[in-house]
Amino acid sequence: MDAFPIAGWLILIVPPILMIGSVAIWYAREVKMEKLENELFRKKYDDREME
Amino acid sequence: MGGIGILSIVILYMILLLVLGIWSARISTQGSSEYFLGGRKLGPWVLSMSEKASESSGFMTVGLPGEAYSSGMSAAWNAVSSVFSIFNWLFFAKRIRRLSEIQNSITVPDFLSARFKDDTHIMRWVSIVVMTIFMTVYVCAQFVAFGVLFEVVLGVNFATGVIVGGIVTIIYTILGGFFAVSLTDFIQGLLMAFAFLVLPILAITEIGGFNEMGYQLTDMMGQEFLAPFFGNSALTLAGLIAIISYLFIGIGFNGSPHVLVRYMALRHTRDVKRIALIGIIWMMVAYYGAVLIGLSGLALFPDLADPEHIFPTMTVELFPWWIAGIIVAAALSAMMSSIDSMLLIASSTIAEDLWNKILKKGELREDKTILISRIATALLGLIAIIIALNPLDTVFWLAVFAWAGLATCFGPPIILSLFWKGVTKTGAIAGMIVGPLVTVIWYFWPPVDIYEGGPAFIAAMLTIVLVSLFTKPPEGDDFERLWDTYSEKNELGRFSFLPSDEAVIRNLKASNLGDRTEKEIIMELLDSEHKSASAFRTN
């Protein structure tokens with residue numbers, strides 16, 4: 001553990017976790033929103049068909 | 001066997017690329033959109049790998065490992081600069097794709113001209129000049145890296161490496177257009193990930209483990225070499241300036257036309273999230289892999305005359321010839337994937353923006369546009385080869401200089417035009433000139449020793465904002481309609497559907513959306529590679 005200074009360990013570990021984590025969270029949010037969009041589109045599509 | 005074996009694999013790899021170029025030619029000759037944007041048919045895996053591979057270049061295989069070899073853990077700040085790529089995916093990619101579909105734009109200058117209704121073509125002229133100059137420098141840096149690799153690994157003369165590698169890349173770009181470039185980038189991106197993962201693991205194992213590497217480097221260089229503060233064990237003002245400098249290199253992601261054009265080539269905006277996830281994982285593997293190659297390389301080969309030789313030296317010394325051949329092919333990939341993208345973007349600008357839109361008033365036949373683009377590719381490539389035979393600087397600094405010139409010309413006007421309706425044509429043009437100008441001045445006569453891309457980007461942004469505030473804002477029914485369509489939101493507060501988005505969802509509807517689970521719906525959506533026909537067509 002003492003082979004590298006703390007700052008050396010931090011720069012190796014923290015940025016990848018933060019960057020991959022933030023994109024993964026955004027990905028999950030996008031998937032959720034797209035599901036809602038699909039529902040919205042279906043509703044509009046059905047309404048148009050009814051007319 | 002070693003040298004001949006590696007050479008055979010490299011030759012086979014180059015033949016594979018040429019075959020791909022010829023195969024792609026049948027798609028690329030269908031029209032300008034097919035040649036310049038691959039017909040907007042490429043899926044997220046191909047586009048993501050293509051984006052990353054074309055960004056990476058010889059910077060990743062020759063430049064960054066060399067930088068880690070000489071400056072230690074501080075080189076890891078390059079990996080941190082990936083955060084600018086995240087900004088692209090989260091904030092800019094969907095908007096660029098959306099606006100390019102609404103405006104029918106197929107090149108970056110085309111995009112800017114349509115957004116600012118630039119009938120005077122000043123914007124196109126600035127784009128053409130900046131792209132031609134800086135892309136030639138960038139391609140030049142890649143050819144230099146080519147020569148280094150051929151020289152160190154294959155024992156082939158530097159000039160021969162530059163010429164052979166250059167000609168193969170030019171030929172497959174000419175034949176296959178964006179489709180070939182993206183397909184080859186996909187293979188190249190995978191090969192690079194393999195190299196950046198395997199090479200440091202093998203090297204660290206050879207040293208005796210990660211900790212052992214740390215102890216050896218501390219003995220050789222002192223513990224400050226392993227702290228990310230540029231030769232100090234704690235953060236100093238000079239260290240802070242150097243860190244900012246390294247982070248500024250990431251700004252290039254937000255403005256490089258060969259990166260931005262990939263968002264224009266998306267099938268639809270929903271592909272962005274997948275591209276982001278694949279992209280960020282690739283970046284972390286590649287950037288940290290490159291840094292660890294430099295560090296472990298120093299422990300294993302401490303007496304190299306040129307730090308930029310570390311990647312090829314380790315490849316030849318640590319691997320059996322057949323794996324070394326694959327890794328050399330991966331390193332060549334890093335360079336070729338940038339060269340082909342740069343050449344295609346520069347030549348498409350000359351053919352579409354200069355020849356078709358300015359000289360022929362948009363009347364040029366598509367086959368003629370493609371022919372001119374091919375001739376321009378050949379000419380630009382040959383000029384870059386000739387300059388590369390007598391390089392001005394190291395691969396690392398040549399690449400980041402050109403990276404800055406391009407990014408500061410296109411990044412600021414594109415980013416601001418996506419969010420601010422009030423950006424004026426005069427403001428955008430002023431920013432496009434100020435950015436590259438500050439880049440060049442800062443590179444040759446730096447007032448502070450900081451990477452030129454950062455101050456130039458900020459100067460360009462400020463120029464656009466200030467000039468826009470004091471010049472006539474865009475007006476007219478056409479512009480209002482464009483902006484209303486672009487910024488229209490649905491009930492969920494997200495952008496309204498474009499024809500390309502509707503096509504995707506209609507496919508879901510057709511396949512009985514209501515009876516499916518959420519997972520099935522999403523998986524179908526993501527995997528509907530060839531069902532999502534875009535309504536977009538160029539005129």
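In region B:249-262, the qualifying residues are those that are surrounded by 24 or more Cβ atoms within 10 Å (Cβ to Cβ) and of a type outside the set (Gly, Ala, Ser), and the one that is farthest from the other protein chains (Cβ to nearest Cβ) is B:257. Among the residues in region B:250-260, are any modelled with pLDDT under 90, in a loop (DSSP other than H, G, I, E, B), in the same structural domain as residue B:94 (by TED's automatic domain parsing) and more than 18 Å from the chain's Cα centre (by Cα)? The answer is no; no qualifying residue exists.
Candidates are the residues of region B:488-508 that are under 13 Å from residue B:270 (Cα atoms) and part of a loop (DSSP other than H, G, I, E, B); the one that is farthest from the other protein chains (Cβ to nearest Cβ) is B:498. Residues in region B:262-283 that are out of contact with any Phe, Trp or Tyr (no Cβ under 8 Å at 6 or more places or on another chain) and either at pLDDT below 90 or under 23 Å from residue B:217 (Cα atoms) (or both): B:262, B:266, B:267, B:268, B:270, B:271. Reported count of residues in region B:420-436, each being surrounded by fewer than 24 Cβ atoms within 10 Å (Cβ to Cβ) and free of Cβ contacts under 8 Å to residues at least 60 places away in the same chain, is 5.
When you go through B:177, B:189, B:161 one by one, which is the residue that is more than 30 Å from residue B:485 (Cβ to Cβ), in contact (Cβ under 8 Å) with a residue 40 or more places away in the chain and not aromatic (Phe, Trp, Tyr)? Reasoning before the result, please.
Numbers: B:177 fails: more than 30 Å from residue B:485 (Cβ to Cβ); B:161 fails: in contact (Cβ under 8 Å) with a residue 40 or more places away in the chain.
Result of the check over B:177, B:189, B:161: B:189.
Here residue B:384 does not qualify as crowded, with 17+ Cβ neighbours inside 10 Å, over 30 Å from residue B:158 (Cα atoms) and of a type in the set (Gly, Ala, Ser).
Matching residues to (1) within 9 Å of chain B (Cβ to nearest Cβ); (2) closer than 15 Å to residue B:291 by Cβ:
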{"site": "A:7", "(1), (2)": "yes, yes"}
{"site": "A:11", "(1), (2)": "yes, yes"}
{"site": "A:18", "(1), (2)": "yes, no"}
{"site": "A:22", "(1), (2)": "yes, no"}
{"site": "A:34", "(1), (2)": "yes, no"}
{"site": "A:39", "(1), (2)": "yes, no"}
{"site": "A:47", "(1), (2)": "no, no"}
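If the condition is being more than 27 Å from the chain's Cα centre (by Cα) and modelled with pLDDT of 95 or more, then region B:427-469 contributes B:466, B:467, B:468, B:469. Cβ separations smaller than 9 Å between residues 6+ apart or across chains give the following pairs from region B:1-22 residues that are in the same structural domain as residue B:186 (by TED's automatic domain parsing) to residues that are surrounded by 14 or more Cβ atoms within 10 Å (Cβ to Cβ) and outside any helix (DSSP H, G or I): B:7/B:156. Residue count for region B:225-238, restricted to those that are without any contact (Cβ under 8 Å) to a residue 12 or more places away in the chain and either surrounded by 22 or more Cβ atoms within 10 Å (Cβ to Cβ) or in a helix (DSSP H, G or I) (or both): 2.
The values are calculated or read from the model by the stated rules, or taken from the named source; none is laboratory data. Nothing here was measured: the structure is a model prediction, and the numbers come from that model. Using ideal geometry, Cβ is built from the backbone for each residue, glycine included, and neighbour counts are taken over all protein chains shown.
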